[in-house]
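The values are calculated or read from the model by the stated rules, or taken from the named source; none is laboratory data. What you are looking at is a predicted structure, and each value in this text was computed from that prediction instead of being measured. Please note: Cβ atoms are built from the backbone with ideal geometry, for glycine as well, and neighbour counts cover all protein chains shown.
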Amino acid sequence: MPMPADANHNGDVFGGWIMAQVDIAGSILPARLSRGRIATVAVKEFLFKQPVSIGDLLSFYAQVVRVGRTSVTVQVEVIAERNPASPHVVKVTEAQLTYVAIDKDGKSRPFSIED
């Protein structure tokens, strides 16, 4: 849930705050698949569909859309639940990010996916 420090003077949450949360949510699946370090290498698309306000309850849903030799691409959707007295649910953001598996020196490495 975004707090007042995450918003501008109109009460709209900064896009950068949402982007950071999307990056965190999107990285969970690739981190599990890689069984090691990963790094965000690309953001193919980031769509802000509606503003996010202080007090919106946000949920992040991530789905792997592509697995390569060293990278994983993830689609993330952000849903906001608004107005607890009369709940209204709406998609506010969606993004597609690519993460690469890296070794201890920061060089790309193959994923060590085991069935």
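Couple of notes before you dig in:
- Scanning segment 69-83 for residues that are in contact (Cβ under 8 Å) with a residue 12 or more places away in the chain and of a type outside the set (V, I, T) gives R69, S71, Q75, E77, A80, E81, R82.
- Output for segment 17-38, where each listed residue is over 13 Å from V74 (Cα atoms), among the small types (G, A, S) and at pLDDT 95 or above: A20
- The listed residues are G106, G26, and the only one of them that is at positive phi, touching a residue at least 40 places away in the same chain (Cβ under 8 Å) and outside any strand (DSSP E or B) turns out to be G106.
- Applying the set (1) surrounded by 15 or more Cβ atoms within 10 Å (Cβ to Cβ); (2) within 16 Å of the chain's Cα centre (by Cα) to T70 leaves exactly one unmet item: (2).
- Of the residues V52, V64, V92, V43, the single one that is buried (at least 17 other Cβ atoms within 10 Å of the Cβ) and under 13 Å from the mean Cα position of the chain (by Cα) is V92.
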